[in-house]
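A.B. asks: I'd like to ask some things about the structure below.
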Amino acid sequence: MRAIILLGGPGAGKGTLSENLRRRTDFIHVSTGDMLRAALQSGSPVGMKAKSFMESGSLVPDSVVLGIIEERIEAEGAHAHFMFDGFPRTIGQAEGLDFLFTKKNARIRHVFNLVVPHAILISRLTGRRVCRQCGAVYHLINKPPVRPDVCDLDGGGLYQRADDSEATILNRLDVYEKQTAPLIAYYEKQKLIRTINAGEPPEQVAASVLDFLGE
Ligand code: ADP
Ligand code: AMP
């Protein structure tokens with residue numbers, strides 16, 4: 001079992017990169033954001049615990065997030081390889097992951113730090129649209145669907161995430177700086193950080209990451 005971590009502010013392009021890598025590697029995409037949104041929609045106990053945090057753009061408690069991650073890792077079996085998208089997001093979560101991986105004799109191979117200027121993050125988040133059916137991610141300017149508000153892949157309706165509103169975005173960027181950015185130093189100590197210029201177009205971002213994976 002091995003893993004890569006996609007680290008970066010909200011809107012840095014983690015989901016878009018995951019979609020690219022999913023097609024070209026054997027890493028299983030694990031997005032805690034997607035898992036928590038699914039839990040919220042189904043009204044499960046995890047969803048109920050996460051709701052207020054997600055609506056305000058704050059972080060869901062570490063114990064809840066580590067619980068769903070452990071369950072997922074167990075479910076995929078001993079030979080799975082993971083790409084974590086939006087996890088870990090705090091030092092506590094990173095320590096929890098290290099603990100889980102030590103138990104399983106598993107290794108983190110790379111932590112890709114997707115670097116994008118703040119102003120670009122904001123325009124990526126305000127322009128993001130998502131397919132209600134399949135979760136495909138679009139952007140009003142950077143990646144518009146062929147027909148407005150309709151998914152190219154399955155004809156599903158596109159929606160704007162509730163937390164992609166301007167007020168919530170500013171809180172999410174602040175939360176990122178305070179609680180998640182310290183992970184860069186945490187993983188630098190383990191010599192795992194690979195800095196990626198994620199202001200480039202998606203294909204180029206994917207190519208930079210694949211260069212590291214090819215080594
Ligand atoms: P994250 O998962 O990090 O929050 P997403 O992958 O959902 O980010 O991307 C946020 C928005 O930016 C989406 O609308 C997406 O289409 C757009 N986007 C993602 N990567 C790029 C890129 N490299 N260049 C331009 N736009 C991008
Ligand atoms: P994302 O889809 O990654 O942008 O996440 C959306 C929201 O889900 C975040 O603003 C948090 O409220 C919550 N969330 C997702 N992943 C985590 C995590 N690893 N730790 C805490 N909260 C998370």
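The numbers here are math on the coordinates, done by the rules we state, and not lab data. Keep in mind it's a predicted model, so treat the numbers as computed, not measured. Don't worry about glycine lacking a Cβ; one is built from the backbone with ideal geometry, like all the others, and counts go over all protein chains shown.
A.B. asks: Which residue, L213, T180, A167, has the largest displacement toward the positive end of the dipole of the range 143-215 when charges sit on each Cβ (Lys, Arg +1; Asp, Glu -1)?
C.D. replies: The listed residue farthest towards the positive side: T180.
A.B. asks: Which of C134, C151 has the fewest other C-beta atoms within 10 Å, and how do the rest follow up to the most?
C.D. replies: Sorted ascending by nearby Cβ count, the order is C134, C151.
A.B. asks: Positive end of the charge dipole of the chain (Lys, Arg +1 and Asp, Glu -1 on Cβ, about the Cα centre): tell me which of I120, I193, G157 has its Cα farthest that way.
C.D. replies: I193
A.B. asks: Which one of L66, L40, L114 has the biggest mean-square fluctuation once the chain is modelled by GNM with Cα springs under 10 Å?
C.D. replies: Maximum among the listed residues: L40.
A.B. asks: Can you tell me how the range 111-156 classifies by the Cα gyration tensor, rounded, prolate or oblate, using a/c under 1.5 as the rounded cut?
C.D. replies: Because a/c hits 1.5 or more and a/b exceeds b/c, the range 111-156 counts as prolate.
A.B. asks: Based on other C-beta atoms within 10 Å, arrange L183, L153 from fewest to most.
C.D. replies: L153, L183
A.B. asks: Let me ask something else about it. Determine the percent antiparallel among the DSSP beta bridges restricted to the chain, to the nearest 5.
C.D. replies: 25
A.B. asks: From the alpha carbon gyration tensor of the range 1-62, can you work out the equivalent ellipsoid semi-axes (sqrt of 5 times each eigenvalue) and give them in Å, largest to smallest?
C.D. replies: Largest first, the range 1-62 gives 24, 14, 10 Å.
A.B. asks: Could you name the lysines in cross-link range of K143, using Cα to Cα under 18 Å and dropping any fewer than eight places away on the same chain?
C.D. replies: Of all the lysines, those that pass the test against K143 - Cα under 18 Å, at least 8 places apart if same chain - are K14.
A.B. asks: Right, something else. Can you find, among I73, Q93, L21, the residue farthest towards the positive end of the dipole of the range 1-123? Put +1 on the C-beta of Lys and Arg, -1 on that of Asp and Glu.
C.D. replies: Sorting the options by dipole projection puts first L21.
A.B. asks: Just want the ordering: H139, H81, from fewest to most Cβ atoms lying within 10 Å of their own Cβ.
C.D. replies: Exposure proxy ranking, most exposed first: H81, H139.
A.B. asks: Could you size up the charge dipole of the range 1-127 around its Cα centre, putting +1 on the beta carbon of Lys and Arg and -1 on that of Asp and Glu, and report it in debye to the nearest 20?
C.D. replies: With only Lys, Arg, Asp and Glu charged at Cβ, the dipole is about 300 debye.
A.B. asks: Each residue of the range 71-83 in turn: what ³J(HN,Hα) in whole Hz from Karplus with 6.51, -1.76, 1.60 and θ = phi - 60°, glycine and Pro shown as x?
C.D. replies: 4, 5, 4, 4, 5, 7, x, 6, 9, 6, 10, 10, 10
A.B. asks: Tell me, what does the Kirkwood hydrodynamic radius of the chain come to in angstroms if you use every pair of distinct C-alpha atoms?
C.D. replies: Roughly 17.7 Å, rounded to one decimal.
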